[in-house]
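The values are calculated or read from the model by the stated rules, or taken from the named source; none is laboratory data. Because the structure is predicted, anything quoted here is derived from the model rather than measured. Backbone-built Cβ (ideal geometry, glycine too); neighbour counts: all protein chains shown. The protein model used for the area step is the full one, side chains on, heavy atoms only, and it has no ligands, DNA or RNA in it. Shrake-Rupley method; radii C 1.70, N 1.55, O 1.52, S 1.80 Å.
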Amino acid sequence: MSLSNSKHINSEQLLQESREKKERRRRHSVANTTLPRNYGARYGSSSLPKYSMPSTGIDADSAYQILHDELSLDGSPLLNLASFVATWMPPAADKLMMENISKNLVNQEEYPVTQDLHARCISILADLWHAPSSHLAVGTATTGSSEAIMLGGLAMKRIWQEKRRAAGKSIHEPGPNIVMGANAQVALEKFARYFEVEARLVPISQESKYRLDPKKAIEYVDENTIGVYVILGSTYTGHYEPVKEMAELLDQFEEETGHYVPIHVDGASGAFIAPFATPRLEWDFRIPRVVSINTSGHKFGLSYVGVGWIIWRTPQHLPKDLIFEIHYLGCVEHSFSLTFSRPAHPVIAQYYNFLHLGYQGYRNAALCSLQNARLLSCALEVSGYFTVLSDIHRPPSAGMSLTQLAKYALDAGDRDDGQNYEPGLPVVAFRFSDEFQAEHPETQQKWIQTLLRAKGWIVPNYELAPGLAHVQILRVVVRETLSEALIDRLVKNLLEVTESLIENNSSSHALNALGQGRAIPAMHQHEYGRIDKEDMPEHPGESSTYAKL
């Protein structure tokens, strides 16, 4: 068998046909492939079906070991720098979640204390985001920001429909629309598609800092606009969109036309960064036009995956016909989420964080993540290999040289309180510099992602949003767990793989090292070649947005 033909061989079929004849005769079809018992005959010698339920089960320890071993092939969550999702909580939180893992949040009568903790979380977030009254604000836990965004959009759509009916106007012709930047995360577009609202995507540009440009956005607003989604922390580059500027333009629009258009702030990531790192930044309910805000507790809220939040400014912004009364759980309960049953332990974990960290703990975590992100940003730019698109390492007054910029960041010291830099998420978006690309036009940026993966790092390479889709960027999300020591290692590995791409003499040796999961030893680098364009494998399904990664 030649290597060139191996890609046509079905590995599962090959393994199935290689089993003992007696074992093969017991199988009904090739498709019914099997899982081997773990550690040989210790737990039995027969295999288990992979795509159908076994006729008899196996003991708990065996089932655990099989799954444990298979799941060990996943990437390390710690080194997954593509994800915003928190991957660590203190052991006490792990214990608390396991103690309450069987509770269903929807059962308010059975678990009244859990419901009380849920209500406390709502009040804490309403107070943190400067709602007119933390007692009057309403909200709910959600599975994540996606569900919260749907609820925020539905509330705005329903209010728009009520106003149209009251004015004797049609709600179908021409129908509702919602305005957002082309850099919007897929959940925002999902709302529009799933709930039959026209999505008006405002093109981004380098001048708009790769995010929504309010002056362009206002051109997309009309009497059928149910609202504007403004993102506090773009998933592409981490930039905050200017909520206050958008609100001011909508104020002018209302004065000129009489049409009221609200703002929903998608604070999936930024709503747990901005209040602590840049508390003077106005983006929340201090702006009257902001009617609802969502966030992900499982991102910079520092809880495990499975919890999001949405808060409305006042009950008047949540239409009553979106609230359901439930009578069959032992009492009258109210629900205004897209799903019904949901685990209670993520909400408990969120309240644990509020209690354990407090304001200062969250502030310390946010500032530390931003500090590490600035360190990475400055190191990348000073190398000369990369240009950093995110701005959190830049002082509010631009115009510094790279050397001055690096010195400013390193000398910040006690001034490093978040107010001395451009506000944004602890996200580093970068690409090959123009000078690097001119000198090494054959070096493809996408191979940085591949070679870093061989070292354990998961760093995505993808195109920017429509309008700048020709620009590819790499992106690192600096979570709490990405310590300064890991930043040092990441910078070292980034420089190593970049230099290996431009210094090697033969791509075959580099690819062999990649296939073995090893870095090219520095002492042998002179033996390896440059990765030529014609040697690059094709990637027809390459992602174009973060949402598809």
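For the range 248-257, the criterion of being in contact with an Asp or Glu (Cβ under 8 Å, 6 or more places away or on another chain), farther than 20 Å from Pro203 by Cβ and free of Cβ contacts under 8 Å to residues at least 40 places away in the same chain is met by at least one residue.
In the range 161-182, how many residues are surrounded by fewer than 24 Cβ atoms within 10 Å (Cβ to Cβ) and not in a loop (DSSP other than H, G, I, E, B)? Of the residues in the range 161-182, 7 are surrounded by fewer than 24 Cβ atoms within 10 Å (Cβ to Cβ) and not in a loop (DSSP other than H, G, I, E, B).
Here the range 419-434 is the region considered, the condition is being open to solvent by less than 10 Å² (accessible area, probe 1.4 Å) and not hydroxyl-bearing (Ser, Thr, Tyr), and the residue that is farthest from Val477 (Cα to Cα) is Phe432.
If the condition is being surrounded by fewer than 18 Cβ atoms within 10 Å (Cβ to Cβ) and modelled with pLDDT of 95 or more, then the range 461-471 contributes Glu463, Val471.
Open to solvent by 10 Å² or more (accessible area, probe 1.4 Å), at pLDDT 95 or above and in contact with a strand residue (DSSP E or B) (Cβ under 7 Å, 6 or more places away or on another chain) - does that describe any residue in the range 273-281? Looking for residues that are open to solvent by 10 Å² or more (accessible area, probe 1.4 Å), at pLDDT 95 or above and in contact with a strand residue (DSSP E or B) (Cβ under 7 Å, 6 or more places away or on another chain), one finds none in the range 273-281, hence no. Only residues that are closer than 21 Å to Gly267 by Cβ and open to solvent by 20 Å² or more (accessible area, probe 1.4 Å) were counted across the range 203-222, and they come to 4. Picking from Ala141, Ala131, which residue would you name as being touching a helix residue (DSSP H, G or I) at 6+ places or on another chain (Cβ under 9 Å) and in a loop (DSSP other than H, G, I, E, B)? The unique qualifying residue is Ala131. Residue check: Thr225 meets all listed conditions (1) over 23 Å from the mean Cα position of the chain (by Cα); (2) surrounded by 22 or more Cβ atoms within 10 Å (Cβ to Cβ); (3) within 24 Å of Ala277 (Cβ to Cβ) but one, namely (3). Return the total of residues in the range 243-300 being closer than 24 Å to His118 by Cβ and touching a helix residue (DSSP H, G or I) at 6+ places or on another chain (Cβ under 9 Å). Here the count works out to 25. Tell me, please, whether a residue that is modelled with pLDDT under 95 and either open to solvent by less than 10 Å² (accessible area, probe 1.4 Å) or β-branched (Val, Ile, Thr) (or both) can be found in the range 406-415. Yes: the range 406-415 contains one or more residues that are modelled with pLDDT under 95 and either open to solvent by less than 10 Å² (accessible area, probe 1.4 Å) or β-branched (Val, Ile, Thr) (or both).
Inside the range 75-91, residues that are surrounded by fewer than 17 Cβ atoms within 10 Å (Cβ to Cβ) and hydrophobic (A, V, I, L, M, F, W, C) make up a count of 2.
Can you tell me which residue within the range 230-265, out of those that are acidic (Asp, Glu) and open to solvent by 10 Å² or more (accessible area, probe 1.4 Å), is nearest to Gly358 (Cα to Cα)?
Glu245
Listed by first and then second residue, the pairs linking a residue in the range 427-445 that is without any contact (Cβ under 8 Å) to a residue 40 or more places away in the chain to a residue that is open to solvent by 10 Å² or more (accessible area, probe 1.4 Å), with Cβ atoms under 8 Å apart and 6 or more places separating them unless they lie on different chains, are Gln437/Thr443; Gln445/Arg431; Gln445/Gln472. Candidates in the range 93-115 are the residues that are charged (D, E, K, R) and open to solvent by less than 80 Å² (accessible area, probe 1.4 Å); of these, the one that is nearest to Phe336 (Cα to Cα) is Lys103. Of the residues making up the range 276-317, those that are among the aliphatic types (A, V, I, L, M), outside any loop (DSSP other than H, G, I, E, B) and in contact with a Lys or Arg (Cβ under 8 Å, 6 or more places away or on another chain) are Ala277, Val290, Val291. Listed by first and then second residue, the pairs with beta-carbon distance under 7 Å, at least 6 apart or on different chains, first residue in the range 482-498 and in contact (Cβ under 8 Å) with a residue 12 or more places away in the chain, second among the polar types (S, T, N, Q) and part of a helix (DSSP H, G or I), are Leu482/Asn372; Glu484/Asn372; Ile487/Asn372; Leu495/Ser383. Inspect the range 188-202 for any residue being among the small types (Gly, Ala, Ser), open to solvent by less than 50 Å² (accessible area, probe 1.4 Å) and closer than 25 Å to His130 by Cβ and give the result as yes or no. No, that holds for no residue.
Does Gly301 satisfy being at pLDDT 95 or above and either aromatic (Phe, Trp, Tyr) or under 26 Å from Glu147 (Cβ atoms) (or both)?
yes
Applying the condition of being of a type in the set (A, V, I, L, M), under 27 Å from the mean Cα position of the chain (by Cα) and at pLDDT below 95 to the range 123-140 and asking which residue is farthest from Arg286 (Cα to Cα) yields Val138.
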